[in-house]
Amino acid sequence: MSKDKITYSDVKEYERLFTMAPSFLLEKLARRNTNLVSKFKPIIQGYMDDLTADQKSKLDIILASEVQELQDIMHEAYLRSKKRQYKVLANPKYRQFIEDNLDGIRRML
């Protein structure tokens, strides 16, 4: 990770989180613009309470990043890994889904 940017290597480190949900389900949730943060708030809060300083720093960078920049990284992750979940998250028509869920995390903080 560069000082103020998330890179593909950061995404790769957390690949299991991105691929927990099958891609067809993730796409269905994105299409409906489902607020996953509100649905899984207790679980997310538990993870956030246990973040290391490095993980908190990465989260801060993500929350401060433009959605387009994050989607560009998801596109790169898809090209390198061929994991369809990344393709879904890189899709410009799901920008609002990403924005809304990032806003949910911001409100939790």
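The values are calculated or read from the model by the stated rules, or taken from the named source; none is laboratory data. These numbers were taken from a predicted model, which means no experiment stands behind them. With ideal geometry, Cβ positions are generated from the backbone for all residues, glycine too; neighbour counts draw on all protein chains shown. Accessible surface is based on the protein model in full, side chains and every heavy atom, while ligands, DNA and RNA are left aside. Shrake-Rupley method; radii C 1.70, N 1.55, O 1.52, S 1.80 Å.
Within the range 9-19, the set of residues being surrounded by 15 or more Cβ atoms within 10 Å (Cβ to Cβ) and within 17 Å of residue 59 (Cα to Cα) comprises 10, 11, 18.
Remark: pairs (first residue in the range 8-19, without any contact (Cβ under 8 Å) to a residue 24 or more places away in the chain; second residue among the hydrophobic types (A, V, I, L, M, F, W, C) and open to solvent by 40 Å² or more (accessible area, probe 1.4 Å); Cβ separation under 9 Å; 6+ apart in sequence or on different chains) = 9/1.
Matching residues to (1) of a type outside the set (Lys, Arg); (2) exposed (fewer than 14 other Cβ atoms within 10 Å of the Cβ); (3) in contact with an Asp or Glu (Cβ under 9 Å, 6 or more places away or on another chain):
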| site | (1), (2), (3) |
| --- | --- |
| 21 | yes, no, no |
| 35 | yes, no, yes |
| 49 | yes, yes, no |
| 68 | yes, yes, no |
| 71 | yes, no, no |
| 74 | yes, no, no |
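Restricting attention to the range 87-109 and to residues that are in a helix (DSSP H, G or I) and polar (S, T, N, Q), the residue that is farthest from the chain's Cα centre (by Cα) turns out to be 96.
Among residues of the range 64-82 that are over 15 Å from residue 12 (Cβ atoms), those with a beta-carbon under 8 Å from a residue that is of a type in the set (D, E, K, R) at least six positions away or on a different chain give the pairs 64/4; 65/5; 67/95; 67/99; 68/95; 69/5; 71/95.
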